[in-house]
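The values are calculated or read from the model by the stated rules, or taken from the named source; none is laboratory data. Computed from a predicted structure; not experimentally measured. Here Cβ is always computed from backbone atoms with ideal geometry, including for glycine, and neighbour counts include all displayed protein chains. Note: areas computed on protein heavy atoms with side chains; ligands, DNA, RNA excluded. Shrake-Rupley method; radii C 1.70, N 1.55, O 1.52, S 1.80 Å.
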Amino acid sequence: MKLALICSEKLPSPAIRGGAIQTMIDGVVPFLRRRHEVTIFSITDPDLPEREERDGVRYIRVPAQRYVENVAQELRHHSFDVIHVLNRPRAVLSYKKAAPDSRFVVSLHNEMFSPAKLPIALGRAVIEAVSAIATVSDYIGRTVLAWYPAARDKLRTVYSGVDLKQFVPAWKPEAAPIRDALRKRYGVTGKKVILYIGRLSFKKGPHVLIEAMRHVLPRHPDAALVIVGGKWFSDDGVNRYIRLLHRLAAPYGDRIVFTKFVPPKEIPHHFLLGDVFVCSSQWQEPLARVHYEAMAAGIPLITTKRGGNPEVVTHGENGLLVEDYANPRAFAEAIDYLLSHPKEAQRMAKAGHALVKERFQFRHVAERLEAFYSEACGQPREASLPAAEAPTTPSEAKGQPPEAPPSVAEASAASSTPLPPQQGSDAPETPAAPSTPLPPKRGSDAPDTPAASTPAAPPSPPATPAPQVVSPANPASVPLVRRPAARGGRPPSRPRTASAPRTARRGAPPKRLQRKGGNPPRERPRTDRPANGSRRPQRPRAVPPSRVRRPSAVGQRKKSGVGNPLQSRRVRPQKNAAPRRTAALSQHRRPPLAARRSNPPGHHPNGHRRRLRPR
């Protein structure tokens, strides 16, 4: 079978710059090329030629500008049985016009059929043009069905995977020297490392982990947070959000380490840095690759109950799920549980590694893709995996809903140590002895601690009631920390962090950093019926920039005699910054009309005689 895989216009293939799509292609191509003729289309890169054949796979790279037109032009000169468009359904019709005799399939790694990205009419045309649609999780499939119920028969879930040969489980002897070398490299030797790997963006949520360290350090003074990643794939640029992260992390000193961008080949070994891995996604995550990679490396996993994450992580079995994803305390409780119960953490890590070995290797992904391509060509769908090692996922059975994960009680009964509840759930709260109280807030009545105290401890937060921690013998589990209720039954406001800026104290960056659609819009007053009784809506009159007065700019201009650097380019120089008229100059002003009329002819109001012009 002649296969064509068309990547997106963001990153090149092979994955020398990273990327989830490119990494998956690199993993499945060695299996697909054994039985099929594979051609991969991607963008050009300075380190890669435009055309090459590598290990029996043909690569065609075109410029990112007018990428769809360039790929369509290449398709006119080739013939393929199946053309696989990855994560770009909008471009399917252009490719279909260039290669009308080929079968088209599309795979979705994000909510690309959302009306915000694809108009409804165009989406219906794309669904009719393709033979099948693959999604990386059941969650993405449900988002498609929400807008296009007619696509039910074409939807298939094809989970991603990893190459286990690149990962060394943390419990194996050969992992120890790799871990020691990396910890020495980043200065976290002898510490309990909390690991984050991913892009530094608001929707990935590293700011929540930084704020969670305020609750983790009193219980684990030897803990450290290592943040692996940059602004974008192979990009260590700095934007406003990254500057915010560094401001939040500054008070903690060497307790929080930023590694910047790490090449994809080094990522499998970097997982050995952590004692606990945390995925703090704040958005509906389709299904991040880091879940498979953390389980393959044998690291205990904490993730949010968002999007497709719960499809591969079962609470209390191979990881922990956090429902209150925006609450730093919720992450702190889950981290504290895994750091306080190393045996339970290792049990979950081994269960996750076994799950990846059984279902989520690249050879499993390649076999599922082969069945997907065969079904798109009209051939009967057959299971490619052997029965002994390929238990099908619930989504692969057509029309069957996904299985519900076991409850917290069932998972707790199966384990020896009580498990923490899913943060934000209705689990009952049990009283227990208070843990180490948090340091006092700056400006409070608590006595100041000397400067020779713990050097790396963060600035002292308020002396609020200490969080409650349940002992391992309590059958309930680690409870969710709740704040005491104030007068009227409402909980008091969350204590401010002395070190964090005001816009970042409540677990979210400033509003200017939040993406559109992340928060509900504010209610605005109606403008269709103004208050003055007229039928025509009134718009507020905009003041021209040249008439905007800036007293501070005027004052600075008077003192220094130079222009104000804070003044906008559109604002003209202020007139009152010029030297004022003196009393002598003001005498030459023309008098008012009444004064001119009252003077006798030929006389000036200032007292001197002026020359009369002849008429």
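Residues satisfying the criterion are present in segment 300-307 (criterion: in contact with a Pro (Cβ under 6 Å, 6 or more places away or on another chain) and modelled with pLDDT under 95).
Residue by residue, here is whether (1) part of a loop (DSSP other than H, G, I, E, B); (2) without any contact (Cβ under 8 Å) to a residue 24 or more places away in the chain; (3) open to solvent by 50 Å² or more (accessible area, probe 1.4 Å); (4) basic (Lys, Arg) holds:
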site: Gly141; (1), (2), (3), (4): no, no, no, no
site: Lys165; (1), (2), (3), (4): no, yes, yes, yes
site: Trp171; (1), (2), (3), (4): yes, no, yes, no
site: Arg183; (1), (2), (3), (4): no, no, no, yes
site: Leu209; (1), (2), (3), (4): no, no, no, no
site: Leu225; (1), (2), (3), (4): no, no, no, no
site: Gly237; (1), (2), (3), (4): yes, yes, no, no
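When you scan segment 143-163, how many residues do you find that are within 26 Å of Ala297 (Cα to Cα) and surrounded by fewer than 19 Cβ atoms within 10 Å (Cβ to Cβ)? Residues that pass the stated criteria total 1.
Count of segment 185-197 residues, restricted to those that are part of a helix (DSSP H, G or I) and among the aromatic types (Phe, Trp, Tyr), is 1. Looking only at residues in segment 351-383 that are open to solvent by 10 Å² or more (accessible area, probe 1.4 Å) and more than 23 Å from Glu311 (Cβ to Cβ), the one that is modelled with the highest pLDDT is Ser374.
Conditions tested, residue by residue: (1) in contact (Cβ under 8 Å) with a residue 40 or more places away in the chain; (2) touching a Ser or Thr at 6+ places or on another chain (Cβ under 8 Å).
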position	(1), (2)
Thr39	yes, no
Ile43	no, no
Arg51	no, no
Arg58	no, yes
Pro63	no, yes
Asn70	no, no
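Determine whether segment 289-310 contains at least one residue that is open to solvent by 30 Å² or more (accessible area, probe 1.4 Å), out of contact with any Lys or Arg (no Cβ under 6 Å at 6 or more places or on another chain) and of a type outside the set (Lys, Arg). Yes. What are the residues in segment 67-82 that are open to solvent by less than 50 Å² (accessible area, probe 1.4 Å), within 20 Å of His36 (Cα to Cα) and in contact with a Lys or Arg (Cβ under 8 Å, 6 or more places away or on another chain), if any? Result: Phe80, Val82. Looking only at residues in segment 239-264 that are without any contact (Cβ under 8 Å) to a residue 40 or more places away in the chain and part of a strand (DSSP E or B), which one is nearest to Pro206 (Cα to Cα)? Ranking the qualifying residues of segment 239-264, first place goes to Phe258. Among the residues of segment 15-35, which ones are free of Cβ contacts under 8 Å to residues at least 40 places away in the same chain and either among the charged types (D, E, K, R) or in a loop (DSSP other than H, G, I, E, B) (or both)? Of everything in segment 15-35, those that are free of Cβ contacts under 8 Å to residues at least 40 places away in the same chain and either among the charged types (D, E, K, R) or in a loop (DSSP other than H, G, I, E, B) (or both) turn out to be Asp26, Arg33, Arg34.
Among the residues of this structure, Arg103 does not count as one that is open to solvent by 30 Å² or more (accessible area, probe 1.4 Å) and under 30 Å from Gly198 (Cα atoms). Within segment 86-100, the residues that satisfy the criterion of being outside any loop (DSSP other than H, G, I, E, B) and open to solvent by 30 Å² or more (accessible area, probe 1.4 Å) are Arg90, Leu93, Ser94, Lys96, Lys97. Among residues that are modelled with pLDDT of 95 or more, of a type outside the set (Val, Ile, Thr) and surrounded by 21 or more Cβ atoms within 10 Å (Cβ to Cβ), Tyr59 is not included. Please verify whether segment 59-66 includes one or more residues that are among the charged types (D, E, K, R) and over 22 Å from Val29 (Cβ atoms). Yes, that holds for at least one residue. Restricting segment 315-350 to residues that are in a loop (DSSP other than H, G, I, E, B) and in contact with a Leu (Cβ under 8 Å, 6 or more places away or on another chain), which is surrounded by the most Cβ atoms within 10 Å (Cβ to Cβ)? Once the filter is applied, the top-ranked residue is Gly316. State which residue is farthest from Glu375 (Cα to Cα) when the search covers only segment 106-137 and only residues that are open to solvent by less than 20 Å² (accessible area, probe 1.4 Å) and assigned to a helix (DSSP H, G or I). The qualifying residue farthest from Glu375 (Cα to Cα) is Gly123. Would you please name the residue that is farthest from the chain's Cα centre (by Cα), looking only at residues in segment 2-40 that are among the aliphatic types (A, V, I, L, M) and closer than 17 Å to Gln361 by Cα? The residue in question is Leu32.
Look at Tyr159 and say whether it is modelled with pLDDT of 95 or more, within 17 Å of the chain's Cα centre (by Cα), outside any helix (DSSP H, G or I) and among the aromatic types (Phe, Trp, Tyr). So Tyr159 does not fit the description; no.
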